[in-house]
Structure formats: structure tokens, C-alpha cells
Amino acid sequence: MKWPRMIFDKRSVSEAQAKFVFSRRSFVLGGAQLSIGALLAARMAYLSVFENERYTLQAESNRVNLSLIPPRRGWIVDHKGQPLALNRTVFRVDIIPDRVKDVPATLDTLAAVLKLTPDERDRIARDVAKSAGYQPVQVAENLDWERYAAISIRAPDLPGVQPAQGFARYYPEGAAVGHLLGYVGAASAKDYEKTKDPLYVTPGFKIGKEAIERVMEVTLRGAPGARRSEVTARGKLVRELATRPDVTGDTLKLTIDAGLQAYAARRLGENSGAVTVIDTLTGGILTMASMPAYDPNSFSDGIGQMEWKMLSQDERRPLVNKALQSLYPPGSTLKPMAALAFLAEGIKPDETVFCAGGYRLGNRVFRCLGRHGTVNLKRAIAKSCNTYFYSMGNRIGYDKIAVMARELGLGAEYPLPFSTQSYGTVPDSAWKLRKYHKDWSRSDTLNAVIGQGYVQTSPLQLAVMASRIASGRTLVPHLMGKTPGAAALSCTGEHLAIVRDAMSEVVNGDGTAGRSRLALEGVLMGGKTGTAQVRKIQGGQRGQNGEWKYRDHGLFVCFAPVDVPRYAASVVIEHGLGGARAAAPVARDVLTYLFDPAKAMDALIEMEKTWGGDINTRAKARAASFAKPPVPAVETTGDPTE
């Protein structure tokens, strides 16, 4: 019998050795376990003591969902407190995806009841799919009562569908304040990326998109409210908790006169142009109407493709604020300014020039609009004699006239709540050398002194010029806030009186705007007509016929009363053929409104009957006509007499 070799191997482990090895390993393992336990205990103590607040907040955040409530925007009111932009209660419908049992069926029901288009239904389905379970998804807003009531009645059978009342921006005067106030709209993805503000993706929240609404966004926005809801870890709604109301934005008071703004916009009728009126005591802008214009209510509610196409294709440019952004050759409306420059350079008001129908400079004749005979300064302004201004302008040079133009507000930027302004051009010899690398010529002076050539102005600047001539001060146009200080002009009171008297002769004497004198007892208006070319005169062609876009512009600047000026204004009618024909009658009626609103309104109502109704009525008719498909041409074959 042989025993296994391992029993007698020298490498066999004794019992004592085995116990020693086991004890050492147990000690090491136990120490490791104790160390790990100590680390875990220390970590647990750290989390429970030092990180307690942090994790308590995270746990509460997981348990409670915070939904933002869009704030109501502050009102925009005129200088009397009459609202220009306010908030009205609207009916809306949202979906809370977590509560909806059958999304496709629910959307089908909503589409049928609310009369949603396929595109709208697809948009809602996409929003539901990508939203958090408890986050409301907008279905429709600005619903009429019938559709809102229809959803409210069916609400018990439509879990997750939430009819609600909210607030939307409303502009009582519609298109009349479109360019002045701008509009609001839903924040874009680009807007959200700039701020990462969750309010920007909250259903029903809108931001200012244009003009005052955009520039004064911080003032008008207000602070959002919040609604707290208890949810499960998966986002399922458990119950509604507390709600914190929103804080309405601040009210913004403007210098605008709401009634005058609406009247001026309506009085422009079917014309394309602008009316600006300034208070000559303060420099406050009372109206700044630009027509045609978009209805800000349409943009705020979400403009349709058809309406956008109609606006963008209109040759009268309803998307452009003509009072601020459009530039025009001012034509003869600059002659009172030039007359002040002549007087400042020592030319006597009774000095005369003989007008035989033009002024010769070298081998070229610069034509006048008539043969006025012997004229002095007053007569030259009243009859708008180019020859007089050619002669005197050539004598003193345009550089000196440009100084007066700038003092009267032309070519300037004003502190107004708009993102863009057009500054225009007041040229002189240094300007031409800098821009074209050419010397100023005498022919440049003759063109510029009658408001043509390189000269470009905005309707607002023309109104500022009229207000400074009327007041004798450097009034600064403004729409809000305190009245800026206004220093006296460098012109003497005597020179200003001479020019004002000449402008009175334009309207109340035998001047170019005699048909536009005010039909008001004891109130006289002073003014100056202007006709601006939009293309070069060829032969007998003066821009008085042909296509609309090639016709001359009509302009008029004015103030009233003549003896103690209180208001100053400018009117520009694009392609209106002439200032006396198109612009002066509008100015007459606008100033009449300031002194006798009832009389002016009665006349306007009669005029609107011949135009096809007021602004809204004509806009609806235009939209209906635009939406009609073109009538296809009828093809004929054979003998047309058959």
C-alpha cells in the first residue's frame, strides 16, 4: 500500500501555519471592509449634513413642477390717457399631454370643432410629441365665443384639453397706429437662443417685434406669474398647488393725440404718404401717421400667408414707415429755410429779381414754373419763384444755406423709440468732395436751393423744420418723457416774422395754396407747397402723368395759427403730382381737426363715402379682391365675327 506523496511532502502546510495565514487574510479583509464602511458613513454624513439643502431642493424640484404664466403687457396711452394699445381677454385652448388618453382621437375632435386646417393639426401633433408631459401645448387662441363654448361643453369628455381665458394685445385704431406702435408676436427660436429664458417658450407669451413695442420691451413686459403642480417622477400630474399671479408691465404714455392720429391716417385715404404734426410749445409729436399700413392686430394674432403676400407685393409699401424711413427731395418746401439763410447773409427782403421764366447759368437755363416778373423775397415764397432762389442762392453759395438747413433740423437723428431712422442728406462742398471726390458746382447750388439735386429729407424732418420756423426755437421732437430744452435759433425775430408772413401769403393771399386756407374764424395757416421730381424732366414731361411710380411727389409744410403758432406739420403724398393739389388739402383738414374736430370729421365721412369706406372696410375689400384667382383668358378660334 502506497500513501499519497503529498502527505509526506516537505511543502505540506501545518495546522499552525494555516491558522496564521487565515488570520492575516481575515485581518486585511476586515480592515478593508471597515475602511469602506467608514468612507460610506462619512459620505452619508456629508450628504445628509452639508449637502442637505441642495438635495432637498432637487427633490422638491422633481416633485413640484413650475409653469409660468405670461405677464400682461403695459398699456400704451396717448397724452390724455386714451389707450392706443391695451390687453383684451381672449379665449384659448391648450392640451396637457400627460392627461390625454388618446392623442390622435383628441386631435381629430379638436380639429372638427375648432375647424383647424391640416397644417394646424400637424403642428399641434408635433408640439405634443416633443413636449414634457405636464407642459401645456397651445391648440388655438383668439377663439370666438361659439367655438370656445363648444370645447368647454365637451371638456368632460376630452381629458387633457384645457379651455382657458388669457390676454392678447389689442390696438383699437388698427392700421392707423401700425407703424407708430409696431406689433407683438411669439418669440422665435433665435430670440430664445439669445436669452434661454423659459418664458419665451411659454404658450401665449409674446414679445415686441417692431417700433415702440420692440424698443420699449423691458418697460412694457411685466413679470410672469407661476403655477405650481405636484407631479410624479415620470412627470404625471398629481394635483395643483399654489398659483402666483403675474405683474402687469408699466403703462407707457406718449405725446401722441389718439384722435388726431386716427384722423390723419384716415384722411390720407388711398394715398401713399405720411402726416406728422408737432406741438410748437414742447416739441412733442402729436401724430406720425404713415399710410398705407399693416394692421398690428393681424400680426399679433398671426398673419396669414395671403395677407402677407398682399402687403409685401403692394407698390405703395405698406410695410415701410414713411414718416421716419422714407426720404424724398423736399422741393420748394425748403424755400422758407433758404430765405432765412439769405436774410442772415445780409440780403434785404425788399431786394428784387426779375423772373422771365428761368435763370441762365453759363450756357444752361434753369427753368422756373412760371413768369413771375419782378419779385421780392415775400413774393418769391408766395408764388414759389425758382428764379429768385436761383439768383440769391448763386450769390451766397450753398454752403451757407446748408448751415441754416442743419440748424432747422434737416439731416439730423432724433432720440425716438424706433430701431431705424433715415437721416437724409444736407449736401455741401465738403460732403460732395468726401462722397464723390468732386468739387461742388454752381449748378449743384441751383438744384439744391429749390430742394432738388442731392438734398434728401424725411417727412419728420420737414415737420421739425416747420416747427422751428414757427417757434423760433430748436425744438427736439419726442414721443415720451420730459420736454427737452430748446434754445433760440440764430435767426433774429425780425427775419422769422418776415418768413412767417410770406408763408401766410402762400395760403391766405394769392399764393400757391390759396385753395387750402382754413375755414375757421380767426385762425390762419401759413405754409409752403413743394413738388419733387422722381425722374429727370424730358422735354415737356414734368412727372404729371404716366405710371404712378413716375409721377411727382406732393409736399406741404405748415403751421397755425399764424399770429401765435401752436402746431406745425408736414404732409408728403407719394406721386401726388403736386403739393398744392395733393398735400395741402390734407394738411388743411388735419389742422382743422385740431381746432374743430366735429367739422373736420363731418367732412372726412363724406370723403370716405367716395373712397369705398373707412380704412378697415377698404382693407377687407382689397383682401377679398386679392384673394380672387385671376380670370383665365378665353381662347378663340376661327372667325371672330361668327
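The values are calculated or read from the model by the stated rules, or taken from the named source; none is laboratory data. Quantities reported herein were computed from a predicted structural model and do not represent experimental measurements. Because the Cβ atoms are built from the backbone with ideal geometry, glycine has one as well, and the counts that use them run over all protein chains shown. When the accessible area is computed, the model is the full protein with side chains, heavy atoms only, and any ligands, DNA or RNA have been set aside. Shrake-Rupley method; radii C 1.70, N 1.55, O 1.52, S 1.80 Å.
Summary of values
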| item | result |
| --- | --- |
| Pairs with Cβ under 8 Å, 6+ apart, first in the range 430-443 and more than 12 Å from Tyr398 (Cβ to Cβ), second open to solvent by 100 Å² or more (accessible area, probe 1.4 Å) | Leu433/Asp439 |
| Hits in the range 104-138 (condition: modelled with pLDDT of 85 or more and β-branched (Val, Ile, Thr)) | Thr106, Thr109, Val113 |
| Considering residues of the range 217-240 that are open to solvent by 50 Å² or more (accessible area, probe 1.4 Å) and not basic (Lys, Arg) only, the residue modelled with the lowest pLDDT | Ala233 |
| Search result, residues across the range 501-519 that are of a type outside the set (A, V, I, L, M, F, W, C), over 13 Å from Thr333 (Cα atoms) and in contact (Cβ under 8 Å) with a residue 40 or more places away in the chain | Asp501, Ser504, Glu505, Asn508, Gly509, Asp510, Gly511, Arg515, Ser516, Arg517 |
| Of all residues in the range 165-213 being open to solvent by 50 Å² or more (accessible area, probe 1.4 Å) and within 12 Å of the chain's Cα centre (by Cα), the one that is nearest to Asn142 (Cα to Cα) | Lys209 |
| Any hit, the range 284-293, residues being open to solvent by 20 Å² or more (accessible area, probe 1.4 Å), out of contact with any Asp or Glu (no Cβ under 6 Å at 6 or more places or on another chain) and either in a loop (DSSP other than H, G, I, E, B) or touching a residue at least 60 places away in the same chain (Cβ under 8 Å) (or both) | no |
| Residues satisfying the stated conditions in the range 249-281, i.e. assigned to a loop (DSSP other than H, G, I, E, B) and either among the small types (Gly, Ala, Ser) or within 19 Å of Leu462 (Cβ to Cβ) (or both) | Gly249, Thr255, Ile256, Leu268, Gly269, Asn271, Ser272, Thr280 |
| Which listed residue is farther than 30 Å from Gly273 by Cα and within 31 Å of the chain's Cα centre (by Cα), from Arg123, Arg147 | Arg123 |
| Single residue of Ser458, Ser490 found to be more than 24 Å from Thr255 (Cα to Cα) and either among the hydroxyl-bearing types (Ser, Thr, Tyr) or touching a helix residue (DSSP H, G or I) at 6+ places or on another chain (Cβ under 7 Å) (or both) | Ser490 |
| Condition check for Arg434: farther than 24 Å from Met480 by Cβ, in contact with a strand residue (DSSP E or B) (Cβ under 8 Å, 6 or more places away or on another chain) and open to solvent by 40 Å² or more (accessible area, probe 1.4 Å) | no |
| Pick from the range 167-218, criterion aliphatic (A, V, I, L, M) and in a strand (DSSP E or B), ranking: nearest to Ile124 (Cα to Cα) | Ala186 |
| Helices (runs of 4 or more DSSP H) wholly inside the range 561-635 that include at least 1 residues being surrounded by fewer than 15 Cβ atoms within 10 Å (Cβ to Cβ) | 597-611, 615-627 |
| Selection count where residues are open to solvent by 30 Å² or more (accessible area, probe 1.4 Å) and in a helix (DSSP H, G or I), scope the range 400-427 | 4 |
| Members of the range 95-120 found to be among the charged types (D, E, K, R) and crowded, with 17+ Cβ neighbours inside 10 Å, listed by number | Asp98 |
| The one condition in (1) among the acidic types (Asp, Glu); (2) closer than 28 Å to Asn142 by Cα; (3) in contact (Cβ under 8 Å) with a residue 24 or more places away in the chain that Asp279 fails to fulfil | (2) |
| All positions within the range 371-381 that are crowded, with 18+ Cβ neighbours inside 10 Å and part of a strand (DSSP E or B) | Val375 |
| Per-region count, the range 144-164, residues closer than 19 Å to Asp102 by Cβ, open to solvent by less than 70 Å² (accessible area, probe 1.4 Å) and free of Cβ contacts under 8 Å to residues at least 12 places away in the same chain | 1 |
| The range 413-433, residues that are farther than 23 Å from Gly182 by Cβ and either in contact with a Lys or Arg (Cβ under 8 Å, 6 or more places away or on another chain) or of a type in the set (A, V, I, L, M, F, W, C) (or both) | Val426, Ala430, Trp431, Lys432, Leu433 |
| Test: Glu120 is touching a residue at least 12 places away in the same chain (Cβ under 8 Å) and in a helix (DSSP H, G or I) | yes |
| Test result for Asp98, touching a Lys or Arg at 6+ places or on another chain (Cβ under 9 Å), at pLDDT 85 or above and among the acidic types (Asp, Glu) | no |
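To keep it simple, each residue is scored yes or no on (1) open to solvent by 10 Å² or more (accessible area, probe 1.4 Å); (2) at pLDDT 95 or above; (3) aromatic (Phe, Trp, Tyr).
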| residue | (1), (2), (3) |
| --- | --- |
| Leu446 | no, yes, no |
| Ile450 | yes, yes, no |
| Gln456 | yes, yes, no |
| Val464 | no, yes, no |
| Arg468 | yes, yes, no |
| Ser471 | yes, yes, no |
| Val476 | yes, yes, no |
| Met480 | yes, no, no |
| Gly485 | yes, no, no |
